[in-house]
Amino acid sequence: MFFCLFYLYLIVIISSCLFHFLSGIDFFCVFLALRYYHDFFEVFLLLEGEQEYSTSECHNILQPGSLMLVRPGEVHSRAYTKPGRHINLAFSHQIAESLFSYLGPGFPTHELMTSTKPPCVLLTPGEKNKVKQMLEDIGSTDINNVDLIKTQMRILVMRIFITYFSNSLYFSENTDQDWFEHLLYQMETNRNYIHGLERMIQLSGCSHEHLCRVFKAKMNCTPIHYINKLKLNYAANQLIHTDSSILDICLDVGFSNLSYFYRIFQEEYGLSPAKFRHQYQSTKIDTKFE
């Protein structure tokens, strides 16, 4: 098989920390489907394209924004199904163990290390760009300043673990209830609800029809109704706690039609957005002077 692989090494291995940072581009759609493993941890962020990731226990199609933790000894294969680009950050077992020890028993270390499926979260475009920027900032550090690079990488690894891998729902086995709770958790975090039904379908990997059936059975509502409630809750908080215009709030929560926003807000809260703001901001002001 003819293939072409290009790796741009931004930071070489730092022997005392075993940190390794690189970005890679695969120019062909099928690449090295052979299984392999390594003795270090790897954080992998897919920036563009589509990649197939397989272990003996699972098979995943990664989309742009997929942030995956590859664990030591995990036999796996990766192959681009659409040409793309990614960034890797590798670090030693010792670094991970120090981090787990520092975070303590409240951190889901056991679930993270023993789950059948590899820990993986799908970031919003904004979150993806933020993580990408953090990785690239390290890549721009003076390579001769090894101590600074070590510190920056430790901070980055901790931020990634705390922000994206601290909820055990991500690593629970794939029962129907776990799957659904996982989806609800994802929709409520990182403001995924702003991106609406399309985002929910992307996160779940299910069809619209299947989501409708599950939501009807478990919550007696439609996916759109659930998403709108999340949006309206955020909008209500913005109306109370900010001075942003109603139009700006409407657009910020993902509604493109102001009349529709007014109508469903009235249905949910019994007041128009303007009257809701007046009533609850007045209550806040009155409370301050009690």
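The values are calculated or read from the model by the stated rules, or taken from the named source; none is laboratory data. These figures come from a predicted structure and were not determined experimentally. Cβ sites come from the backbone with ideal geometry, for glycine too, and all protein chains shown count toward neighbours. To get the accessible areas, we keep the full protein, side chains included, count just its heavy atoms, and leave off ligands, DNA and RNA. Shrake-Rupley method; radii C 1.70, N 1.55, O 1.52, S 1.80 Å.
List of remarks:
- Accessible surface calculations at 1.4 Å, restricted to protein heavy atoms, place the stretch 198-245 at 54 Å² per residue.
- Net charge, Gly254 excluded, C-beta distance under 11 Å - Lys, Arg +1, Asp, Glu -1: +1
- Compared with the alpha-carbon gap, the fully stretched path from Ile201 to Ile240 is longer by 10.9 nm at 0.36 nm per residue.
- Formal net charge of residues neighbouring His93 (Cβ-Cβ distance under 13 Å; K, R +1; D, E -1): -3
- On the beta carbon distance between Cys212 and Thr189, with R0 = 25 Å, the FRET formula returns roughly 0.65.
- Using the Cβ of Ile227 as centre and a radius below 14 Å, the other residues enclosed give a net charge of +1, where K and R count +1 and D and E count -1.
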